[in-house]
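A quick write-up on the structure given underneath.
Read the figures in this text as sums done on the coordinates, not as results from a lab. Source: prediction; values computed, not measured. Don't worry about glycine lacking a Cβ; one is built from the backbone with ideal geometry, like all the others, and counts go over all protein chains shown.
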Amino acid sequence: MGKNKKNSSKPLTNITNRLYNSPTNSQGESAIRKLEDYATIYEHIKFGAEFEEVVLEKDKHGQYHKWLRKMLSILDSKGHSALCLPQFETIKESALKLRAIRYPNTQRNPRVLFCFQGNAIIILHCFRESSKSEGTDYRNAVRIATGRLQEIQGK
């Protein structure tokens, strides 16, 4: 998604190698793919289309795509250190230590759920946070993200 390809000086851990070579789904495709423009970021195969549906934006140069690329670049370069920034939050309802990237006060109010697995950052799910349903958005999103992580891990 970003413009500059990065070479990671850190060796990838075994879990990262397992993620990249994750089990295939019923159509024979991997449940995860590495994002080319980032050293440590992977996404669930459903994430890209899901993101476009949530933000109602197919233009890769649009506001939400630019925001996502910027946030992924921050995550890729800072790793866990990025979590101290206000755009990132830890999901309390998650036993898997899921995190969210926030873009509040925007028309679509997207949330992108991800987790750290070894040196890898896995983008799992995108949803539109709505203040009307206080917490139910996150509970459903955590359920989906958890299922996708288990799919990636072959569980």
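Listed from fewest to most Cβ neighbours within 10 Å, the set His65, His44, His80 follows the order His80, His65, His44. For the residue pairs Lys70/Lys97; Lys92/Lys155; Lys60/Lys155, the alpha carbons lie more than 29 Å apart in Lys60/Lys155. Excluding Leu85 itself, what net charge comes from residues whose Cβ is under 12 Å from its Cβ, given Lys and Arg +1 and Asp and Glu -1? That works out to +3.
Using a Förster distance of 30 angstrom, determine the FRET efficiency expected from the C-beta separation of Asn105 and Glu29, and round it to 0.05. Efficiency at R0 = 30 Å is approximately 0.25. For segment 33-76, a/c is not less than 1.5, where a ≥ b ≥ c are the root eigenvalues of the C-alpha gyration tensor, and a/b does not top b/c. That puts it in the oblate class.
Among Thr90, Thr40, the ranking by other beta carbons within 10 Å of each residue's beta carbon, starting with the fewest, stands as Thr90, Thr40.
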